[in-house]
Each structure stands twice: as structure tokens, then as C-alpha cells.
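For reference, the structure discussed in these notes is given below.
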Amino acid sequence: MGLDIRIPLGVMFTILGLLLTGFGFFSDPVIYQRSLGIDINLWWGLALLLFGALMLCLGWRAAGGRTH
Amino acid sequence: MHPREIDWVIMGVYFVFVLGVGYALRRQVKTSTDYFLSGRSIPAWVAGLAFLSANLGAQEVIGMAASGAKYGMATSHFYWVGAVPAMVFLGVFMMPFYYGSQARSVPEYLKLRFDEKTRGLNAISFATMTVFSSGISMYAMGLLLNLLLGWDFDTSVWLSAAVVLIYILLGGLTSAIYNEVLQFFLIVFGFAPLVFLGLKDLGGWQGLSARLTHVATAQGFAPQAWSSTWSQMGDPTSNPMGVEWFGVAMGLGFVLSFGYWCTDFLVVQRAMAAHSMSAARRTPLIAAVPKMLFPFLVIVPGMIAIASTQHTGASGFVLPHKPDGTLNYDLSIPMMLSHYFPHGMLGLGLTALLASFMSGMAGNVTAFNTVWTYDIYQAYINRGASDHHYLNMGRVATVFGIGLSVAAAYVANHFNNIMDMLQLLFAFVNAPLFATFLLGMFWKRATGHGAFAGLLCGTAAAALHHGLTLPRGSVAGIKGGWLALLHAYPSEMAQNFWTAIWAFTVCLVVTIAVSLITRPRAENDLVGLVYSLTPRLRETDRAWYARPAVLGAGVLAATLLLNLIFW
């Protein structure tokens, strides 16, 4: 396989995670009334970041293993 | 609530990646096998998630949430009875023949096992069906995007068609599979917080169940009718689906489920693209694990929506009504997205919906272009051309298939009944299919004439059964009873299940009868195609726990446990 799907998956979720976390950090708390007072952007953004990083790690490790 | 800048940016990121994946893969497509079967090079977990996602179009997501609201927890029969067992059967018993015979499509397997006419019948009906299904789902998407994003119907249809067209043209099946993996994770990450917020709003699972007892008693059912799966299935009148356990187990769990998951090329193609026999067999087994958990992601939101409408939580979510005054169940997930999600998460939720629409469409298109090229064009129109010619034909078929789907979406928009009739017709054609494959793979005596006659008679039996029965309270016509009225079923679902049971039985009996009076094929020709004539596979390259039979048994045990917990 030329392209390991974990790389685009990792990059995409890292970007989405950064966007949500950043927006959650700076946005007006008023908008979180609808999500029951939880800053869901911040917390779920962190979850996406974590998933993105995990995918990137797995993808890079596999790529490293192949070249050696 | 319409999207704002941040939401558009999130949707934009998704579009960039979808097209980027297609662009990155463009150089890998050199032969027709690369284009139609990903060069048989996909790892099992990727093929498995794609196998699941290809079926997880938005109609499935929206429809399952709607059923969750209408019927409650019993909707999970469509997963725990109507999907997982068939997926295990495909992986453990059927994949060795699909993958081992080197057939490039499901119709081609029929050609190898039976004869040309059986393949032709299956290929032509399948190709027509996929194009129309993709059109119908495009139509549903057009309506929904209009509501959620404020786009008009034309923009939605043409834009999504263009995106799918570009990435499939560039990277073929690999592109579609990779995007299905992106979509799988988007759906999980987009909908999981929705379930969390909805449950929290109603006071957790207990708060939900307490409200569901009101939903049930208000409609004259036992209090647990909405929160149990089997306990009310003794009698069709005691559950909102209007079905009884035998219809569920035989009609849904056996005939319909095995007929779809084990013979539909849309899903089987993903497993055929796997890099080895062992990976191909593990594909549906890996897919079965998230599949058995999906009710919590797509059915529970519908249950939350109806429970909250009956007796609202702190945030006051209620389902909207249709113009005729009934509740609009189809809007369960879309309305909950815009009720619970702030800007930002709203973008992610909408992206998940868009992703499921597009990969549902892409699944249909990749199955169509393969069957068209290998089973219709190469078989009947232009036999001995070069591989390069068929690769180009596949690209033309992609454009052509998407064009036809767009046309079908417009037809659906203007003449809704035509689409209803077509879907009914496809249901008749599909109903008997599993009997043909079952006999083909496990009875060496079954002949081509038998299979062909069985399929025709099974389809006729389905039509006849539909023409003679009617769901209680319906008017004769598209709902059935257009010949005469012999029997009334308690619900449309019960009628569907029994149509399938009849079609299967007739196909089985006719195939056996005709096979016995026609000449069988030489046993040498059937090696690798029939169970009793194929050497058993020895899976020794993997640890014992990763072997298909062990994985399959584990998946079935877990599913049984879920059935018991939510009995």
C-alpha cells in the first residue's frame, strides 16, 4: 500500500481537534447553554486531538518499521 | 440553527481531505484490478471499517434513529439479529469461496458456479438497483441539506455528486474505501457526544427508561415496550413493530439479513479487496464488532428524541411535526444536532451527516462501475479488449453511474411513487437471492438451470405474496393486495418479513427440484466453488485467537449477551 490511511486520518483529526479546542477556549460561554453548560468544543476537541495523535504515532511507527 | 464560520471551516477541512485522499492515490491506479478491487491490497481492519461504512449511508443513520423513536430498543433487532450473525457466516463460511475463486464480483461468482444466464440476471438487476438506490439517497440528502444548511436542492445534489465523482475517478475503490474509514470515525466522533448530552439531559439511562414507559403506555403498550428487545415479541399486537418472534428470527434474521450481508456486492466488494484470504475472512468479523455497538449511536438518539418529546428534559427538546400533524421521526438526529450542539460541534455533527451521505453514494457507485464493466460490458458487449480498455471503461461507468443517480434523484423529487414502486420491485428481486447462494456453495448438485429457475420463481413468489396480502388498515395498491386479499398482516414490517420467507422457500424448493432433473456439472469444475469439493483452509499464519472461527464465535457470544441484557 502506498498510502497508510492512518496518516491522513491522524492529520485530519488533529486539525479538527485543534480547531474545536481553540474555538472552545476562546468562545463566549453563553453558547454552551445548549450543551447543558459543558464546553463540549474544548473537551471533545481534546478527545479528537488525542485520537489524531494516536493515529499519527501508529502510522509513523509502521512507516519506520518498513524502511529499516 | 444555521451553521456559522467555524462550522463551515470544519466541513471545509473534511472536503479537503476527501479530495486530497483521492489525489494522493491517483498514481496507484494502473490496472483495472487496482481500480475495481484496490489491487487486492487492503489490510483487514481498513476493509472491515469500509465494509461497515459502505452500508452506513445517511438513510441508514436517519432511518434507524427514526425507527428508534417509533419502535424503541427493539430496532436493534436490525443489528443483533439482522446483521451480526450474517456477517459472521460470510466471514467464516462464504468468504473462502468468494475470495478463493478469484471472482472479481458477486455476479462473476454466479457465472463460475452456475452459468452465464444466472450471472446476467443478477448483474443487470444489481446494476439497476445500485444506481437507483444512490439516486434515492441523493434525493433524501437534498431535502435534508436544504433544511439544515439552507442550500437549495440543485446545489446539494450537484456538489456532492461532483465531490464523489472526483475522488472515485482519481483513486477508484481504494479512494472510496479510505474515505469510508474517515467517515466511520467522523460518525462515531460526531454522534457520540450527542448521545452523551441527550442522556445527560434526561437524567441518564434511568431517566430515559422512565420516560419511555410513558411513551409506551400512552400508545396502549406494556410499560417496557420501548426499552426491551424480545420481551414483547410473543404476539404482534403487543409491540409497536407489529411483528412476532418467528417473523423476526426467520424473515429478518435469516432470509433478509443473510440475503443482504452475504450476497450484496456493495459490501462483499470491500472484503474482496482485502490483501489475503485471511484478511478477507476477518473483514466482516472486524466490521461486526462496531456493528453490534452501533445501536447505541444511531438508535438511542431516536429513543431520546421521543422520550424527550413525551416528557421533556431540562433543555426542552421536542420533535417537530409533519404538515399532516404526525411527529417527524426522520428529523430525530438532525434536530438533536441543532438543539444540543453549539457552533463548532455543530460543524462536526453536520460533517458526519455529509460524510455518511457521500460514502453511501460512493459505495453504490464503486459497486456499479465494477459490475457494469466486468459483468455486463466485458461479458456481453466487448469481450477481448485490453485491461487498459476496461480500466477506462470503469472511469466512463463512474461518470455515467453518477449521472444516472443524479437523474434518479430528480425523478424521485418529482415522482415519489415511481421510486416507491422501484424499491418494491428490487425487494422482490433480492428476496430469494440467499437461497441460490446457499445451495450454490453448499450443495454440489445444484445446477445453473436450477438456480435461474429458482431465482425467477422466488421473485414471482415475492410479488404474488405481496399482491395477495396487506398490512392491516392499509388501502390496496402499493402496500399490497393488488391481486386479491387473502391475508392481512398486523404491520407492514410483518408483511415484508413474510414476503421474504415465501420468496426464499419457493426459490429453495424450485432450485432443488429443477437441479435434480437437470444435468449436474462435473465435480472437477466445482473445486474452490463448493464447500464439499474444496480443501479445508488451514489458518496457521495467525495466533489461534485471530482465526476466523474463533473471532466469529466471540462476536456471536457478545451479541447474544447484548440480546440478553436488553431482553
Limited to the stretch B:379-401, what total is found for residues that are open to solvent by less than 10 Å² (accessible area, probe 1.4 Å) and not hydroxyl-bearing (Ser, Thr, Tyr)? 5
Look through the stretch A:4-37, keep the residues that are touching a helix residue (DSSP H, G or I) at 6+ places or on another chain (Cβ under 8 Å) and surrounded by fewer than 17 Cβ atoms within 10 Å (Cβ to Cβ), and return whichever of them is farthest from B:Ser315 (Cα to Cα). A:Leu18
Note on the stretch B:315-355: residues more than 14 Å from chain A (Cβ to nearest Cβ), β-branched (Val, Ile, Thr) and in a helix (DSSP H, G or I) are B:Ile333
With the structure loaded, tell me whether B:Glu5 is of a type in the set (Asp, Glu), at pLDDT below 90 and out of contact with any His (no Cβ under 9 Å at 6 or more places or on another chain) or whether it fails that test. no
Do the conditions hold for B:Arg542, that is, is it in the same structural domain as B:Ala86 (by TED's automatic domain parsing), of a type outside the set (Ser, Thr, Tyr), assigned to a loop (DSSP other than H, G, I, E, B) and farther than 14 Å from B:Leu424 by Cβ? yes
Wholly enclosed helices (runs of 4 or more DSSP H) of the stretch B:1-80 bearing at least 3 residues open to solvent by 10 Å² or more (accessible area, probe 1.4 Å) and more than 14 Å from chain A (Cβ to nearest Cβ): B:58-71
With criteria (1) open to solvent by 20 Å² or more (accessible area, probe 1.4 Å); (2) within 30 Å of B:His414 (Cβ to Cβ); (3) touching a residue at least 60 places away in the same chain (Cβ under 8 Å); (4) out of contact with any Gly (no Cβ under 8 Å at 6 or more places or on another chain), B:Ile166 comes up short on (4)
Regarding B:Leu149, is this residue closer than 18 Å to B:Thr351 by Cα and out of contact with any strand residue (DSSP E or B) (no Cβ under 8 Å at 6 or more places or on another chain)? yes
Residue by residue through the stretch B:518-550, note down the ones that are among the aliphatic types (A, V, I, L, M), open to solvent by 40 Å² or more (accessible area, probe 1.4 Å) and at pLDDT 80 or above. B:Ala522, B:Val527, B:Ala549, B:Val550
Take the conditions without any contact (Cβ under 8 Å) to a residue 12 or more places away in the chain, closer than 17 Å to B:Phe357 by Cβ and part of a helix (DSSP H, G or I) and apply them to B:Ala210. Does it pass? no
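For every residue, the table says whether it meets (1) more than 9 Å from every other protein chain (Cβ to nearest Cβ); (2) closer than 17 Å to B:Glu5 by Cα; (3) in a helix (DSSP H, G or I); (4) at pLDDT below 85.
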position: A:Leu3; (1), (2), (3), (4): no, no, no, yes
position: A:Ile7; (1), (2), (3), (4): yes, no, yes, no
position: A:Val11; (1), (2), (3), (4): no, no, yes, no
position: A:Leu16; (1), (2), (3), (4): no, yes, yes, no
position: A:Phe51; (1), (2), (3), (4): no, no, yes, no
position: A:Leu54; (1), (2), (3), (4): yes, no, yes, no
position: A:Leu58; (1), (2), (3), (4): yes, no, yes, no
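The values are calculated or read from the model by the stated rules, or taken from the named source; none is laboratory data. All values derive from a computational prediction rather than experimental measurement. Neighbour counts run over all protein chains shown; Cβ positions are idealised from the backbone, glycine included. Side chains are part of the model used for accessible areas, which takes the heavy atoms of the whole protein and leaves out ligands, DNA and RNA. Shrake-Rupley method; radii C 1.70, N 1.55, O 1.52, S 1.80 Å.
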